[in-house]
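The structure appears below as structure tokens.
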Amino acid sequence: MLTVVVVVAGLLTTPAQALQYNQGRYGVTLEGFGNLAGGYASGDEEIDDDIAGFGFGELRLLALADTGHDLVIGPRVTYRGLAGDNTDDSALFGERSLILLGSWGRLEFGERRGLPDVLTGYAPNNYQFVSAEYGPASGPSLDPDGGLQTALIDSALAAQIAPLSGLGITADFFFDESLKVIYVGPKTKGFLPGISYAPHIDGGDGRFDDLIQTGLTWEHYSEQNILRVGGTYTYADGQQTNSGATRTDDLHSFSLGASATLDYDLTLGASFTYNGDTGLTRSVGLPISESAAYGYAASVNYNKGPWTVGGFIQTARAEGATNQAGDDQLHALQGGVSYRTSTNVRYFAAVYLYEFDDEAGNTALANQDGVAALVRTRLNF
């Protein structure tokens, strides 16, 4: 059993708007953000205390041309940089796609998230219902699967927790940026549909191909109140790996959620994910242990003047290794607060507590207590 507390504090600075250039039917938008973070992690004797820091930044370029025939076309390109004590330093292109827009919706071809996201700005994703509004709106975040809380945790342990942190938030492969084609329909009577297809999954270790992701949400506005409900579904075709020695079952991942915003101040959200016993990797010809993978989460965020406070709770469980009985379990609780001194500057702090039970039950990583502290500074432009 593992219990870890993560204390997060930092500063966010946000400009009024991105850099924009418009000339007739042509327009260019350039925006970006940079994150600097550092922290301290402490665990039992099997995991050494650690002080580490890292930085992450991204530039986004969107160039569009209006053809005048209900068609706007152009590229969207992102460039990312990462450096840190516990990471491999890198600078590389991130999402990049060709975009076609019209009254009929949006079509994209390229390396992009399959579940539709915004083209510019840093608004929350429309298909996610549980979030931490007091934290960063892009990059590593304080959302349950945002990755910021576990940035300082032992890498082997973080690799076990990562697959669980998304259960209860969305369907699987929510953050996948493989080469794909994406269609987002126009919002009609509050409904927003989206679907994507990727022939291969870059981060799937060869276990899956033919990734299909779909989403549908419905929003209803009543004065200063907003109700949003919807869900996501992921299908991936399981493959044989290791020269046929292992086989991965087809994945069917379902997620449903709802959120309600009252008086533009209080937002409540809840969601559920169910994978069942799909998507498991097994050794051919050997018996396996099967258990259903699922998770659920709920969040609350309250905005009053310059203050935002909130938190979330999450429970998830899934099969860790099919040759062992039982499953891995994650229980997480977070609370946070932010204070905005101006439209450009915001301070935030959060405490994240989680308990992880490894199905083996007797390894060093499955019996740890630890504390980690993380500070963060953010610059947007």
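The values are calculated or read from the model by the stated rules, or taken from the named source; none is laboratory data. Not measured: the values here are computed from a predicted model. Please note: Cβ atoms are built from the backbone with ideal geometry, for glycine as well, and neighbour counts cover all protein chains shown.
Some points to look at:
- Some residue of the stretch 106-115 being aromatic (Phe, Trp, Tyr), surrounded by fewer than 20 Cβ atoms within 10 Å (Cβ to Cβ) and within 12 Å of the chain's Cα centre (by Cα): no
- Against the list (1) over 30 Å from Tyr274 (Cβ atoms); (2) among the polar types (S, T, N, Q); (3) modelled with pLDDT of 90 or more, the condition Thr343 fails is (3).
- Subset of the stretch 186-238 [among the hydroxyl-bearing types (Ser, Thr, Tyr) and more than 24 Å from Val130 (Cβ to Cβ)]: Thr188, Tyr197
- Test for His252: is it closer than 16 Å to Thr281 by Cα and free of Cβ contacts under 8 Å to residues at least 40 places away in the same chain: yes
- Every condition in (1) touching a residue at least 24 places away in the same chain (Cβ under 8 Å); (2) surrounded by fewer than 24 Cβ atoms within 10 Å (Cβ to Cβ) holds for Ser141 except the one numbered (1).
- Enumerated strands (runs of 3 or more DSSP E) restricted to the stretch 59-160, each holding at least 3 residues that are touching a Gly at 6+ places or on another chain (Cβ under 6 Å): 72-84, 90-102
- Test: residue in the stretch 184-199 that is surrounded by 20 or more Cβ atoms within 10 Å (Cβ to Cβ), of a type outside the set (Ser, Thr, Tyr) and closer than 16 Å to Asn275 by Cβ: no
- Test: Val130 is more than 27 Å from Thr248 (Cα to Cα) and modelled with pLDDT of 90 or more: yes
- Any pair with Cβ under 6 angstrom, 6 or more apart, that starts in the stretch 209-236 at a residue that is in contact (Cβ under 8 Å) with a residue 24 or more places away in the chain and surrounded by fewer than 18 Cβ atoms within 10 Å (Cβ to Cβ) and ends at one that is of a type in the set (D, E, K, R) and outside any strand (DSSP E or B): Gln224/Asp263
- Taking strands (runs of 3 or more DSSP E) as the structural unit, those lying wholly within the stretch 176-283 and holding at least 2 residues that are within 23 Å of Thr315 (Cβ to Cβ) and in contact with a Gly (Cβ under 7 Å, 6 or more places away or on another chain) correspond to 225-238, 251-262, 266-276.
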